[in-house]
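Input: a single structure, listed below in C-alpha cells.
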Amino acid sequence: MNKSDCLTADWQLIGFEDGSLGENESHVAQHRKDCSEHGVTPDLALYRQGHFEGSKQFCTTTNGFNRGLKGKEYKRNCPQQFEEAFLSGFTDGQHLYSLKKVLNQRANELEDAYKELDWLEHTIAEKSEVMIADGLNRDQRIVVRDEISEHQEQQRFLYSVLHELKQEFENASLAYEQAKREFSQY
C-alpha cells in the first residue's frame, strides 16, 4: 500500500477484500508493515470485521470445490464456523482433480506408445530398404540387420503392453466420469 492508500484506508473494506480472496487474517501484518512507513496503523477491529464477512463469501462449499478442482492448496484461512463447508467441497474438488491428473497421465502414456510404434514402423521400413540397397558390404548389412532386430524387439514389447495401457486409460476415464457425475451438484 502506498501513502495515499494508507491515509485513506477503509480497514473494514480492506479486510473484506482480503477475506473474500482467501487471504489469512494475518495478512493484516503486511498492511501494517506497508503503512507503518507513513505513520498509519490499521484498525484491527474493523479489519477483522471485514475479513470475517469476506471469508463468508470465500469459504463456501462451491468455492472449496472449485479451488480443489484447480489443484490449489488450502491455507487454513477459513474461520472455524465456515471451514467444514469449505473443506467438504475442497476435498471433493481435490478428488476430481487427482482423477483428471491420472486420466491425463494415462492418455499421455497411450499416446506416447502409439507414437513410438509409428516411429518404429517407419524406422524398420527405412532400414529394410537400406539393407537391400546396393553399396553395403557384409559388415554394414549385419549392423543394419541388428538395428532392425532391436527395433522389432521394442515393437513387440510395446504391442505386448498396449492392451494394458488401453485398459488403464479406460479405467481412469470411467473413474473420472463417475466422479464428475457424483460431483455434478457443484
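At a glance:
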| quantity | calculated |
| --- | --- |
| Residues of the stretch 127-146 that turn out to be surrounded by fewer than 12 Cβ atoms within 10 Å (Cβ to Cβ) and of a type outside the set (Val, Ile, Thr), as a count | 8 |
| Conditions (1) over 20 Å from the mean Cα position of the chain (by Cα); (2) closer than 30 Å to ASP92 by Cα; (3) surrounded by 15 or more Cβ atoms within 10 Å (Cβ to Cβ); number of the one not met by GLU164 | (3) |
| Flag if VAL102 is over 29 Å from the mean Cα position of the chain (by Cα) and surrounded by 16 or more Cβ atoms within 10 Å (Cβ to Cβ) | no |
| Pair list, Cβ < 8 Å and 6+ apart or interchain, from the stretch 160-186 residues that are closer than 12 Å to GLU109 by Cβ to residues that are assigned to a helix (DSSP H, G or I) and open to solvent by 90 Å² or more (accessible area, probe 1.4 Å) | ALA172/GLN105 |
| Test for GLU121: is it open to solvent by 70 Å² or more (accessible area, probe 1.4 Å) and over 30 Å from ASP92 (Cβ atoms) | yes |
| Pair list, Cβ < 6 Å and 6+ apart or interchain, from the stretch 1-26 residues that are closer than 14 Å to SER55 by Cβ to residues that are among the aliphatic types (A, V, I, L, M) | GLN12/LEU46 |
| Some residue of the stretch 78-95 being open to solvent by 50 Å² or more (accessible area, probe 1.4 Å) and at positive phi | no |
| Those residues of the stretch 21-61 which are open to solvent by 30 Å² or more (accessible area, probe 1.4 Å), in a helix (DSSP H, G or I) and either under 18 Å from GLN81 (Cα atoms) or touching a strand residue (DSSP E or B) at 6+ places or on another chain (Cβ under 6 Å) (or both), in sequence order | GLU25, SER26, ARG48, GLN49, PHE52, GLU53, LYS56, GLN57, THR61 |
| Filter result for the condition that a residue is assigned to a helix (DSSP H, G or I) and on the phi < 0 side of the Ramachandran plot, over GLN105, GLN185 | GLN105 |
| Selection within the stretch 1-45 - touching an Asp or Glu at 6+ places or on another chain (Cβ under 7 Å) and under 27 Å from GLU73 (Cα atoms) | MET1, TRP11, PHE16, GLY19, HIS27 |
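The values are calculated or read from the model by the stated rules, or taken from the named source; none is laboratory data. It should be emphasised that the depicted structure is a prediction, and the values quoted were computed from it without experimental measurement. Glycine also receives a Cβ, built like all others from the backbone with ideal geometry; neighbour counts cover every protein chain displayed. Keep in mind that these areas ignore ligands, DNA and RNA; they rest on the heavy atoms of the full protein, side chains included. Shrake-Rupley method; radii C 1.70, N 1.55, O 1.52, S 1.80 Å.
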